[in-house]
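K.L.:
Got a structure for you, written out below as structure tokens; questions coming shortly.
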Amino acid sequence: MKRLLVAGLFSMAPWLVQAQAVTFQHSVKVAVEAVHSIDNDRQTPTLKYSVGYTRQLTSGRWMLEGSLGYINYFEREELSAFYYTFKGGRSQRFVADFLLHVNLLKSRRHALRLGAGPSVWYQRNSLVNDLSIELAPGYQDITSVSFTRGYLHTANLGLNLRGEYEVAITPRINVGARAGLVSNLLPANGREPLLGTLATVGLSAGYRF
């Protein structure tokens, strides 16, 4: 009888361990990503800051994510005759991203996800007008640049693609690296300093509950 009891306990051990393992279906995360415009070789480096919420679906491999992000971009203006550059046009983008992710790894600690979904954003553009320069004696160097700013407000709808790798450093806390692309679906105003397809790469940290 004792042998049967011990054998039964050993056979139930994997089930007991699985039952005690906590499965988290929700998470919040913050991310910082470098942003580069594929269509603009002269783009000034800039960052995207975002905070998001993720909900795991019943299958365990699929997840829905919504996030809010902010980009503060200054366009680099160049007066080529004098090799002089300055911060000119500015775009402030407020963006909402929605993604459906699939996890390619069967692991409790590691995740490799691919995701896609729509993005919507509002952009406040500050444009350079009435540009004037002041030259030093001899007309070889610029001593100052002055201009006024006009404002252009735009909105657009885009497609967001992302791949990310995450590792859990504790049962609740994870860190990750991500890379993605976002492109507008509707025609953009050519005067916007920040437009076209944007490539992003960065880091994230999250908390599961």
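K.L.:
Is it the case that some residue within segment 143-157 is surrounded by fewer than 18 Cβ atoms within 10 Å (Cβ to Cβ), over 16 Å from the mean Cα position of the chain (by Cα), at pLDDT below 90 and outside any strand (DSSP E or B)?
P.N.:
Within segment 143-157, none of the residues are surrounded by fewer than 18 Cβ atoms within 10 Å (Cβ to Cβ), over 16 Å from the mean Cα position of the chain (by Cα), at pLDDT below 90 and outside any strand (DSSP E or B).
K.L.:
Tally up the residues in segment 47-93 that are modelled with pLDDT of 90 or more and either buried (at least 17 other Cβ atoms within 10 Å of the Cβ) or of a type in the set (S, T, Y) (or both), please.
P.N.:
18
K.L.:
Consider L195 against the criteria (1) out of contact with any Gly (no Cβ under 9 Å at 6 or more places or on another chain); (2) hydrophobic (A, V, I, L, M, F, W, C); (3) touching a residue at least 40 places away in the same chain (Cβ under 8 Å); (4) part of a strand (DSSP E or B): it satisfies all of them except one. Which criterion is unmet?
P.N.:
In the conditions (1) out of contact with any Gly (no Cβ under 9 Å at 6 or more places or on another chain); (2) hydrophobic (A, V, I, L, M, F, W, C); (3) touching a residue at least 40 places away in the same chain (Cβ under 8 Å); (4) part of a strand (DSSP E or B), L195 misses (4) alone.
K.L.:
Does E134 meet the test of being part of a strand (DSSP E or B) and at pLDDT below 80?
P.N.:
yes
K.L.:
For the condition in contact (Cβ under 8 Å) with a residue 24 or more places away in the chain and more than 27 Å from V175 (Cα to Cα), what is the one hit in N160, N129, N103, N125?
P.N.:
Of the residues listed, the single one that is in contact (Cβ under 8 Å) with a residue 24 or more places away in the chain and more than 27 Å from V175 (Cα to Cα) is N125.
K.L.:
Please specify each residue of segment 121-142 satisfying the condition of being open to solvent by 90 Å² or more (accessible area, probe 1.4 Å) and more than 20 Å from P193 (Cβ to Cβ).
P.N.:
E134, P137, Y139, Q140, D141
K.L.:
Restricted to segment 104-120, and to residues that are open to solvent by 20 Å² or more (accessible area, probe 1.4 Å) and part of a strand (DSSP E or B), which residue is nearest to L194 (Cα to Cα)?
P.N.:
This residue is V120.
K.L.:
Hey, another quick one. Out of all the residues in segment 137-163, which are of a type in the set (A, V, I, L, M) and more than 22 Å from R76 (Cβ to Cβ)?
P.N.:
Passing the criteria: A155, L157, L159, L161.
K.L.:
Restricting attention to segment 1-46, report how many residues are within 22 Å of the chain's Cα centre (by Cα), modelled with pLDDT under 90 and open to solvent by 70 Å² or more (accessible area, probe 1.4 Å).
P.N.:
5
The values are calculated or read from the model by the stated rules, or taken from the named source; none is laboratory data. Quick caveat, the model's predicted, so the values are computed rather than measured. When we count neighbours, we look across all protein chains shown, and the Cβ atoms used for this are built from the backbone with ideal geometry, even at glycine. The area values use the complete protein model at the heavy-atom level, side chains included, leaving out ligands, DNA and RNA. Shrake-Rupley method; radii C 1.70, N 1.55, O 1.52, S 1.80 Å.
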